[in-house]
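Visitor: Please see the structure below; I have some questions.
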Amino acid sequence: MRFRIAWKEEEPFLRGAVSELRAFVSLVMLLAGRRDAPKDAIAFGYAKGSLALPLALIVVSAVELVVVHVLVPWKWAQIALLILTLWGVLFILGYLASRVVYPHFITGEELHLRWGHSKVLVTSLSN
């Protein structure tokens with residue numbers, strides 16, 4: 001089963017929302033153990049080595065939660081900032097999940113290279 005979001009990416013006002021929705025769909029697919037590659041394909045990942053910056057952002061977000069809790073005196077603002085921080089962390093995790101859920105793959109005589117949900121290159125193996 002493949003998940004597709006059929007909105008136009010060219011619409012500038014929707015790019016951010018579509019990107020975020022795709023990240024959350026990727027996170028759900030990862031948690032469900034699904035990969036977007038044909039069954040007869042040989043899939044291989046490209047997520048290794050790209051974990052440092054997102055992990056640093058997640059650690060900084062955790063520190064931010066503590067600092068905001070201490071510095072902001074209003075409970076409503078603390079809750080709002082907590083929700084925004086958790087939303088950002090989920091987006092980062094979804095971005096990482098898209099690298100795992102949408103692997104490169106080889107089918108028959110073609111190599112399919114991806115960057116997240118986007119196909120970057122489809123070429124013959126003879127190339």
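Visitor: Lys pairs in the chain, Cα-Cα under 27 Å, at least 8 apart or on separate chains: how many?
Guide: Within the chain, the lysine pair count is 4.
Visitor: For the range 46-127, state which GluC sites (Glu not before Pro) are in a DSSP loop and have at most 11 other beta carbons lying within 10 Å of their beta carbon.
Guide: Those satisfying the criteria are Glu109.
Visitor: Here's another thing I want to ask about it. Excluding ligands, DNA and RNA, what is the solvent-accessible area per residue of the chain at a probe of 1.4 Å, expressed in Å²?
Guide: About 69 Å² of surface per residue is accessible.
Visitor: Assuming 1.567 mPa s and 4 °C, estimate D for the range 8-81 with Stokes-Einstein, Rh taken as the Kirkwood radius over Cα pairs, in µm²/s.
Guide: Translational D for this selection: 80 µm²/s.
Visitor: So for the chain, taking the charge dipole from beta-carbon charges (+1 Lys/Arg, -1 Asp/Glu), which of Ala56, Val122, Val25 sits furthest toward the positive end?
Guide: Farthest towards the positive end: Val25.
Visitor: Tell me the net charge near Leu121. Cut-off is 13 Å between Cβ atoms, Leu121 excluded, with +1 for each Lys or Arg and -1 for each Asp or Glu.
Guide: Local charge sum for Leu121: +1.
Visitor: In the range 1-125, carbon and sulfur make up what percent of the accessible area (probe 1.4 Å)?
Guide: Of all accessible area on the range 1-125, carbon and sulfur atoms account for 71 percent.
Visitor: Between Leu113 and Val18, what is the FRET efficiency for a Förster distance of 22 Å, r being their Cβ-Cβ separation, to the nearest 0.05?
Guide: Working from the Cβ atoms, E equals 0.55.
Visitor: Moving on to the next point. In debye, nearest 20, what is the charge dipole magnitude of the chain about its Cα centre with +1 on Lys and Arg Cβ and -1 on Asp and Glu Cβ, if you could check?
Guide: Charge dipole, the chain, about its Cα centre: 220 debye, nearest 20.
The values are calculated or read from the model by the stated rules, or taken from the named source; none is laboratory data. As the structure is a prediction and not an experimental result, all values here were calculated from the model. Note: ideal-geometry Cβ built from the backbone for every residue, glycine included; neighbour counts use all protein chains shown. Keep in mind that these areas ignore ligands, DNA and RNA; they rest on the heavy atoms of the full protein, side chains included. Shrake-Rupley method; radii C 1.70, N 1.55, O 1.52, S 1.80 Å.
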